[in-house]
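Here the structure comes first, spelled out in structure tokens, and everything after it is commentary.
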Amino acid sequence: MRHDHLIVVAPAAGGWRVALDDLEPVMFLSGREAEAHARSLATRLAAVGDDARVTVHDRADVLVGSRRYLAE
């Protein structure tokens, strides 16, 4: 069964968080590292047959980017 996952990169106290669906978020000090982790997760999910969408928010929590990763 194919799933559609949402991965959110957003600011957090002292850094950035990457949240996948409703799982506990992973924290990063660098936004660049957080975005790289989110892209890696999405790529791996697509490789196993699930769609994923990565959204990136800036420090004002405004959506600044979104990308879909379609199942292979």
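Per residue, the chain exposes 64 Å² of accessible surface when a 1.4 Å probe is rolled over the protein heavy atoms with every protein chain present. Recomputing Rg and Dmax of the Cα atoms in Å from the coordinates shown identifies the correct label among (1) 11.8, 38; (2) 20.2, 74; (3) 11.3, 30 as (1).
Taking the 1.4 Å solvent-accessible surface of the stretch 4-69 as the whole, the part contributed by carbon and sulfur is 55%. Note on ALA47 and ASP4: their simple-model spin labels are 2.4 nm apart, each label 7 Å out from Cα toward Cβ.
Full-extension gain between VAL64 and SER30, please, as 0.36 nm times their residue separation minus the C-alpha to C-alpha distance.
Details: separation 34, 0.36 × 34 = 12.24 nm, distance 1.63 nm.
Result: 10.6 nm gained on full extension.
Label-to-label distance, ASP22 versus ALA71, with points set 7 angstrom from Cα along the beta-carbon direction: 2.1 nm.
The values are calculated or read from the model by the stated rules, or taken from the named source; none is laboratory data. These figures come from a predicted structure and were not determined experimentally. All Cβ positions, glycine included, derive from the backbone under ideal geometry; neighbour counts span all protein chains shown. In case anyone asks, the SASA skips ligands and DNA or RNA and just uses the protein heavy atoms, side chains included. Shrake-Rupley method; radii C 1.70, N 1.55, O 1.52, S 1.80 Å.
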